Amino acid sequence: MVFVIAVVLVAATAQSVAGFGFALVMMPLLVTVLDVRDALVVTTLLGAVNSGIIAATSWRHIPWSTVVPMLAGALAGMPAGLAVLLLAPADAIRLLVGVSTLVMAGMLVRGMRFGDRHVASELAVGAVSGVLNTSTGTNGPPVVLYLQGREHPPPEFRGGLNVFFVTCNVITLGSFLAARVVSVDAGLLFATALPAIAVGSTFGHVLVRRVEPATFRRLVFGLLFVSAVSAVVSAIIGLT
């Protein structure tokens with residue numbers, strides 16, 4: 001429980017300062033100490049709260065013409081991700097979490113961006129994100145990379161990203177409840193760690209005024225690498 005609270009503090013701080021990293025930091029670290037399903041449920045619950053708070057402050061700037069097709073794609077992709085969660089061995093999912101985090105962090109480091117806007121592209125980005133959301137909980141980078149490529153103004157980028165996240169997380173939680181993935185332990189961990197979001201976000205806003213954002217982003221990328229490697233090592237140990 002102490003470890004989970006510490007991870008949530010770090011993840012909320014990273015999200016507040018760098019603008020990304022909540023699930024990417026949380027999930028690879030939580031799977032090293034928790035049951036994979038519990039880790040995913042806790043990450044999804046806390047992610048919904050975190051994104052919901054941000055979306056509520058920027059809903060007037062949401063680029064719905066971009067977000068709606070991505071949500072449709074995500075809805076189509078979620079069943080495949082849920083099948084992976086229900087059928088794949090736990091250590092295989094841990095390995096998937098670690099490897100996917102490494103790949104997506106690398107894409108963010110390189111500043112990759114997707115091309116011009118097409119509805120087909122938005123559906124595809126949403127579908128990939130949906131699969132990742134219900135299987136690994138790390139669905140952010142495809143959407144971040146696409147919205148960056150669209151070059152939305154910061155309020156639209158922030159609003160679109162977080163309304164997508166909170167909607168996907170709510171739908172994902174519904175599918176977890178239907179599949180009986182949510183446990184009492186996960187609920188207790190969520191309730192215990194919930195205040196850490198507020199503390200981490202507040203601390204992050206303090207750091208913004210004292211640390212260069214570019215410097216902190218490098219620290220976040222370093223943290224993502226460490227957390228991803230931890231998940232991979234944990235999975236390999238379990239598989240062997």
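Odds and ends about this structure:
- The order of the peptides 192-202, 160-170 by mean Cβ neighbours within 10 Å, most packed first, is 160-170, 192-202.
- Electrostatic dipole magnitude of the chain [Cβ: Lys, Arg +1; Asp, Glu -1; Cα centre; debye, to 20]: 420 debye
- Radius, Kirkwood style, for segment 24-85 when every pair of distinct Cα atoms is counted (Å): 13.7 Å
- Within the shell of other residues whose beta carbon sits under 15 angstrom from the beta carbon of Pro89, the net charge comes to 0, with Lys and Arg scored +1 and Asp and Glu -1.
- Reduced Cα scattering model of segment 125-202, Debye log10 I(q)/I(0), q = 0.17, 0.20 Å⁻¹: -0.83, -1.02
- For the chain, complete DSSP H runs whose alpha carbons reach 15 Å or more along their own long axis and whose mean Kyte-Doolittle score is 0.0 or higher are 2-18, 36-58, 64-87, 90-109, 119-135, 140-150, 154-178, 184-208, 213-239.
- Cβ-defined net charge surrounding Leu45, 14 Å radius [Lys, Arg +1; Asp, Glu -1]: -1
Bear in mind that the values in this text are calculations on the coordinates, not laboratory data. Computed from a predicted model, the values in this text were never measured in an experiment. For neighbour counting, all protein chains shown are included, and Cβ atoms are generated from backbone atoms with ideal geometry for every residue, glycine included.
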